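Engineer: Quick one: structure below, then a few questions.
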Amino acid sequence: MELFELFESLKKEGKEELNIEIEPELPKVELKQWIITILDWEHSFRINIKKLPMCFFENAFDHLDNNKSSSKVKGFSCVKCKFNFFCNGYYKEMESYVKPLVDMPKEIVIELTHRCNLHCNFCFNQLCMRESSEELNTEQLKLIIAKIAQLGICIVRFTGGEPFLRLDFIELVKYAKDQGLQVWLNTNGTIANEATNQAAKLIDNVLISLAGFDRESDYKVTRLKKSFENKLKTIEIMKSHGVTVRAGIVLTEPNIANIERFFKLTESLGIRFVEFYRPVSLKLNAESMIHAIRVIFELNKKYRVNHKIANAIPFCIYKPEISSRVSLGGLYDDGASRMVVSTNGRIKPAYYLELEMGNALHDDLLRVWNSKKWRNLRELKYVPKNCKNCKWVYVCRGGSRSLAKIASGNLRGKDPLLKL
């Protein structure tokens, strides 16, 4: 029986969870591809893959086996693995699948500018008091890009503000590609011109923010004529050059009320990867977030997709078994897996976590990454006490430390949505 037929039959039986045990000595490459295929069904099932160690496949680690067991061991090579502080070890018979992961950022995010041609009221740019006129010049940015490549970090992400407002943007993209880096881009997509076409020939992945699901709803937010049409044009240009296109949607109250319209829009545009964001600069009450979680969960099943809330929410706000299915937790927040370089070169753990940890022009990036304060963030030393023994803590991370600090002035404070 093919996987499609098997999963369809399990759905008809009302199965909500799949527990799959892996036998030793299966080919590693084929096994990883099989896991990718299986996880395409996450919209219908919670998928647990037993026996495999967390380090075998980092992109799926939260589905792999980290249960405590007296039969598990740890080797000498585990000491330097990025999962060591949290991992409960591996079964001896699965040792061939153990591959300790180097503890370094998965990507470096560079904020090229705070300038933007939009003034969306939910944007974190409006929240943070930033020196919008203070921007690194072309040569300074090239120096940082070269440092990233020399470290062996594969991805540099350019963001803003709006990156296309920099006249040297294409030059910087070309330089990053010449250094052997993958280039990811965050853009509002409203500047659809020749530079867009040039960028599309170079970049690997683009995140385009959608303020609305049609012309009218977009204009209510952006107040920019042809904003929606230009976004659609930018999406088409990027897709025509083979760029992976993702859509980003902030969970404002109007957007929550129209989530299915965004599902239909992105489906019509052929966009498989959609990210929803908990607002940072606007308060969102728990009832609205719970409603968003429920709706996304049901629509993922209906449309057979795996759209996610991409920034941190506490899983305990609703049923953790469901919250974890529609949320990436805090895996990309608060310095857990990436480093952000601000427009003036300051290094910080997240877009809106304004902790000055160093300067990308002058400091060793890995030394900053491995500083005590940053390690404490990664290793969950700042999460509330009630979260520390929760089974979801490594992915959920107690919600957002950034928003806890904004709300309480303290990294150890509670995320405003935390229920524990």
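Engineer: Can you tell me which residue among 5, 30, 13, 25 is of a type in the set (D, E, K, R), closer than 29 Å to residue 337 by Cβ and either free of Cβ contacts under 8 Å to residues at least 12 places away in the same chain or loosely packed, with under 12 Cβ neighbours inside 10 Å (or both)? Before the answer, list the steps.
Structural biologist: Details: 5 fails: closer than 29 Å to residue 337 by Cβ; 13 fails: closer than 29 Å to residue 337 by Cβ; 25 fails: closer than 29 Å to residue 337 by Cβ.
After applying the criteria, what remains is 30.
Engineer: Is it the case, given these coordinates, that residue 347 is within 29 Å of residue 265 (Cα to Cα) and either surrounded by 17 or more Cβ atoms within 10 Å (Cβ to Cβ) or among the polar types (S, T, N, Q) (or both)? Give the derivation first.
Structural biologist: Working: within 29 Å of residue 265 (Cα to Cα): no; either surrounded by 17 or more Cβ atoms within 10 Å (Cβ to Cβ) or among the polar types (S, T, N, Q) (or both): yes.
So residue 347 fails the test.
Engineer: Out of everything in the range 90-104 that is assigned to a loop (DSSP other than H, G, I, E, B) and over 10 Å from residue 52 (Cα atoms), what residue ends up being most open to solvent (accessible area, probe 1.4 Å)?
Structural biologist: Filtering the range 90-104 down to residues assigned to a loop (DSSP other than H, G, I, E, B) leaves 98-101, 103-104.
Now narrow it down to the ones that are over 10 Å from residue 52 (Cα atoms): 99-101, 103-104.
Details: 99: 134, 100: 46, 101: 27, 103: 29, 104: 41 Å².
Filtering first and then ranking leaves 99.
Engineer: I'm trying to understand the selection: among the residues of the range 311-338, which are in contact (Cβ under 8 Å) with a residue 12 or more places away in the chain, open to solvent by 20 Å² or more (accessible area, probe 1.4 Å), part of a loop (DSSP other than H, G, I, E, B) and of a type outside the set (Phe, Trp, Tyr)?
Structural biologist: Quick first cut of the range 311-338, residues in contact (Cβ under 8 Å) with a residue 12 or more places away in the chain only: 311-318, 320-338.
Filter again for open to solvent by 20 Å² or more (accessible area, probe 1.4 Å), leaving 316, 318, 320-322, 328, 331-332, 338.
Checking which are part of a loop (DSSP other than H, G, I, E, B) leaves us with 318, 328, 331-332.
The answer is 328, 331.
Engineer: Go through the range 356-381 and count every residue that is touching a residue at least 24 places away in the same chain (Cβ under 8 Å), surrounded by fewer than 19 Cβ atoms within 10 Å (Cβ to Cβ) and in a loop (DSSP other than H, G, I, E, B).
Structural biologist: Going through the range 356-381 one residue at a time, the tally reaches 3.
Engineer: I'm told residue 70 meets every condition in (1) in contact with a Ser or Thr (Cβ under 6 Å, 6 or more places away or on another chain); (2) open to solvent by 30 Å² or more (accessible area, probe 1.4 Å); (3) modelled with pLDDT of 95 or more except one. Can you identify the failing condition by its number?
Structural biologist: Status for residue 70: all satisfied but (1).
Engineer: Please list, ordered by first then second residue, the pairs with beta carbon atoms under 7 Å, 6 or more apart or interchain, first in the range 176-187 and in contact (Cβ under 8 Å) with a residue 40 or more places away in the chain and farther than 11 Å from residue 142 by Cα, second open to solvent by 10 Å² or more (accessible area, probe 1.4 Å) and assigned to a helix (DSSP H, G or I).
Structural biologist: Listed pairs, sorted by first residue: 187/164.
Engineer: Also, quick follow-up: If you go through the range 272-285, how many residues are among the hydrophobic types (A, V, I, L, M, F, W, C) and surrounded by fewer than 20 Cβ atoms within 10 Å (Cβ to Cβ)?
Structural biologist: Kept after step one, since they are among the hydrophobic types (A, V, I, L, M, F, W, C), are these residues of the range 272-285: 273-274, 276, 280, 282, 284.
Next cut, surrounded by fewer than 20 Cβ atoms within 10 Å (Cβ to Cβ) only: 273, 282.
Of the residues in the range 272-285, 2 are among the hydrophobic types (A, V, I, L, M, F, W, C) and surrounded by fewer than 20 Cβ atoms within 10 Å (Cβ to Cβ).
Engineer: Going residue by residue through the range 174-187, is there one that turns out to be closer than 26 Å to residue 227 by Cβ, crowded, with 21+ Cβ neighbours inside 10 Å, modelled with pLDDT of 95 or more and among the polar types (S, T, N, Q)?
Structural biologist: The answer is yes; a qualifying residue exists.
Engineer: From the list 395, 341, which residue is under 22 Å from residue 105 (Cα atoms), open to solvent by less than 10 Å² (accessible area, probe 1.4 Å) and of a type in the set (A, V, I, L, M)?
Structural biologist: Working: 395 fails: open to solvent by less than 10 Å² (accessible area, probe 1.4 Å).
The unique qualifying residue is 341.
The values are calculated or read from the model by the stated rules, or taken from the named source; none is laboratory data. Just so it is clear, the structure is predicted and the values come from calculations on it, not from any experiment. Using ideal geometry, Cβ is built from the backbone for each residue, glycine included, and neighbour counts are taken over all protein chains shown. We work out accessible area using only protein heavy atoms, side chains counted, and drop any ligands, DNA or RNA first. Shrake-Rupley method; radii C 1.70, N 1.55, O 1.52, S 1.80 Å.
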